[in-house]
Protein chains: 2
Amino acid sequence: MSVLVVGSIALDDIKTQTAEQKNLLGGSASYGAVAASFYGPVRLVGVVGEDFPKEHRELFLKRQIDTEGLEIVSGGKTFRWSGEYEENMNNRRTLSIALNVFEKFQPKLPAAWKQSEYILLGNIAPSLQLQVLKQVEKPKFIVADTMDLWINLAKPDLLELLKKVDMLILNDSEAKLLTGEGNLIRAGHAIQKLGVPNVIVKKGEHGAILFGAKGEFFSTSAFPLEEIYDPTGAGDCFAGAFTGALAQSGDLSFAGLRKAVIQGTLVASFNVEQFSLRRLETLTCEEIAARGKKLLEILSLA
Amino acid sequence: MSVLVVGSIALDDIKTQTAEQKNLLGGSASYGAVAASFYGPVRLVGVVGEDFPKEHRELFLKRQIDTEGLEIVSGGKTFRWSGEYEENMNNRRTLSIALNVFEKFQPKLPAAWKQSEYILLGNIAPSLQLQVLKQVEKPKFIVADTMDLWINLAKPDLLELLKKVDMLILNDSEAKLLTGEGNLIRAGHAIQKLGVPNVIVKKGEHGAILFGAKGEFFSTSAFPLEEIYDPTGAGDCFAGAFTGALAQSGDLSFAGLRKAVIQGTLVASFNVEQFSLRRLETLTCEEIAARGKKLLEILSLA
């Protein structure tokens, strides 16, 4: 089953303590769509300017992502983000943002895509996420990602969105910020009370926890890595692989969600091994499966 | 098989954001011994003053802990610690310390205890932990706990100790401090290179990771709790239950260590539910088993 992915598409300049790279492919939709593409067909909705490099577009094609919903604004410039990571890569500073064509972005679904069943609302303004929802007709499972910026600046829209989606994915500090709860378990339950039946709280190197609609609970560790080159987009990859795996299996039971969390964990762990989407550019399903086997061994209690 | 537990025995005054309690039973050996006692016989080595309350001593007896190695200094006062937790309970401040009889403590093993096979060197000065090791004759498995204080003040002793024990247990910030590594996986491996074959890095609410002597790796989440009343001694309980479970099973394979980590996780999760050792005072093996079943469900990938 196809996954519809909407979100930002960006050109990123990224600086870590050891390296610096410019004009990288970035944005929540780019990461989400490529990650989802390992599990089945993907439809990408987003906007870029005329300056969007051919090589980035080719990555979408190589991953067989349908770009019919990718709007190219003639004469426009692509959204740009520039950030710097501290030695502790959980801390990053945004150095600059230029919204460019993203400023007036109004997501429009091609007519044939309105029947999409699995929807990933990547991290963009909740008002835009809501606009997408108005256009889909019979969704089976809607996943929304968000970030601290929207919790601070657009909370009413976000709260409206939460009543209309099946799953919210956010990180631990965002879960605390959204609910005012210092304890993550209480924060997860408090988010469910806002109207969204399922919640995933991502904890970076500490893994992720899944709160199910019927009070179920699942907790997993991350895949252990000795080196992290670029954490940008790891959360978007998690969401993309999660939604892709769910669309592939069609299993919306708690066991199905649990398995999709493991796929999110795996693809995110590959993504941080190189800058931007470069690791995912060469990644194969066989590599994901092999690392999945290793992760199961690491988590095994037998 | 008996577990020999050595460490501090203290009277704690503890303040959290919601409550304050005085003259509580505390100290690494108290927590470690009581936690280990759910898995088999325990021998306690420590020192207290004449002021040590009868009710605290009765808890040791109730848990059938052999106190032949518990020295009572006549006219002496028991070691006292006072601390305060911030709202984020990972942060605590020591308000005062009075070493009292602990200042001149020289652990002495009763003759019959020199044959002890399973040894927990609870968190005390590494020089005292080394003194205990000199007195044991044919240990099968030695677990050492430590803390940032000793890494900062007694690193040479600690490094000597690491060459003589089978397992070091420490928390994530201590693992980074000891090795200078910012990444926990690299930190764990770096500690193994210091001479200790097995390492457990505790991550509080995020669980624990186990590094095995042959390069094996195990990672588990903690048991999810909505409320934490008093985190004091959780790490000591983890170490006590871990060593106790190991002595009970006698299984020193990696699978055996893994199972013991789960027991450490469980008993630590109970301990934080009330002040001091009060939850463990009423805890039963049936309750541990029931929570163990729940934890396995939460971690289950099937």
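The values are calculated or read from the model by the stated rules, or taken from the named source; none is laboratory data. All figures in this text were calculated on a predicted structure; none of them were measured in a lab. Cβ atoms come from the backbone with ideal geometry, glycine included; neighbour counts cover every protein chain shown.
Where strands (runs of 3 or more DSSP E) fall wholly inside region A:64-178, the ranges with 1 or more residues that are within 16 Å of the chain's Cα centre (by Cα) and modelled with pLDDT of 95 or more are A:65-73, A:118-121, A:141-145, A:167-171. Let me spell it out: the conditions are (1) surrounded by fewer than 18 Cβ atoms within 10 Å (Cβ to Cβ); (2) under 29 Å from B:Lys214 (Cα atoms); (3) within 14 Å of another protein chain (Cβ to nearest Cβ), and B:Ala175 meets all of them except one. Which number is the exception? Single failed check for B:Ala175: (1). Taken over region B:235-256, the residue count meeting the criterion of being touching a residue at least 60 places away in the same chain (Cβ under 8 Å) and surrounded by fewer than 24 Cβ atoms within 10 Å (Cβ to Cβ) is 3. Among the residues examined, A:Gly46 qualifies as in contact (Cβ under 8 Å) with a residue 40 or more places away in the chain and farther than 18 Å from A:Leu280 by Cα. If you go through region A:267-302 and keep only what is facing chain B (nearest Cβ under 10 Å), part of a loop (DSSP other than H, G, I, E, B) and either in contact with a Ser or Thr (Cβ under 9 Å, 6 or more places away or on another chain) or in contact (Cβ under 8 Å) with a residue 12 or more places away in the chain (or both), you end up with just A:Leu301.
Quick one: is A:Thr94 β-branched (Val, Ile, Thr) and touching an Asp or Glu at 6+ places or on another chain (Cβ under 9 Å)? Spelling it out, A:Thr94 is indeed β-branched (Val, Ile, Thr) and touching an Asp or Glu at 6+ places or on another chain (Cβ under 9 Å). Within region B:237-248, is even one residue more than 10 Å from chain A (Cβ to nearest Cβ), part of a loop (DSSP other than H, G, I, E, B) and not charged (D, E, K, R)? No, every residue in region B:237-248 fails to be more than 10 Å from chain A (Cβ to nearest Cβ), part of a loop (DSSP other than H, G, I, E, B) and not charged (D, E, K, R). Of the residues making up region A:117-163, those that are surrounded by 24 or more Cβ atoms within 10 Å (Cβ to Cβ) and small (Gly, Ala, Ser) are A:Gly122, A:Ala144.
Looking only at region B:62-89, residues that are aromatic (Phe, Trp, Tyr) and either surrounded by fewer than 15 Cβ atoms within 10 Å (Cβ to Cβ) or touching a Pro at 6+ places or on another chain (Cβ under 9 Å) (or both) come to 1 in all. Looking at region B:227-236, which of its residues are within 14 Å of chain A (Cβ to nearest Cβ) and out of contact with any Ser or Thr (no Cβ under 8 Å at 6 or more places or on another chain)? The answer is B:Glu227, B:Ile228, B:Pro231.
Just so you know, in region B:90-111 the residues that are touching a residue at least 12 places away in the same chain (Cβ under 8 Å) and among the small types (Gly, Ala, Ser) include one that is farthest from B:Gly76 (Cα to Cα), and it is B:Ser96. Are any of the residues in region B:115-123 more than 14 Å from every other protein chain (Cβ to nearest Cβ) and closer than 30 Å to A:Glu181 by Cβ? For region B:115-123, residues more than 14 Å from every other protein chain (Cβ to nearest Cβ) and closer than 30 Å to A:Glu181 by Cβ: absent.
Would you be able to tell me the number of residues in region B:211-226 that are more than 7 Å from every other protein chain (Cβ to nearest Cβ) and either farther than 21 Å from B:Lys293 by Cβ or of a type in the set (D, E, K, R) (or both)? The total comes to 6. Candidates in region B:195-209 are the residues that are in a strand (DSSP E or B) and at the interface with another protein chain (Cβ under 10 Å from one of its Cβ atoms); of these, the one that is surrounded by the most Cβ atoms within 10 Å (Cβ to Cβ) is B:Ala208.
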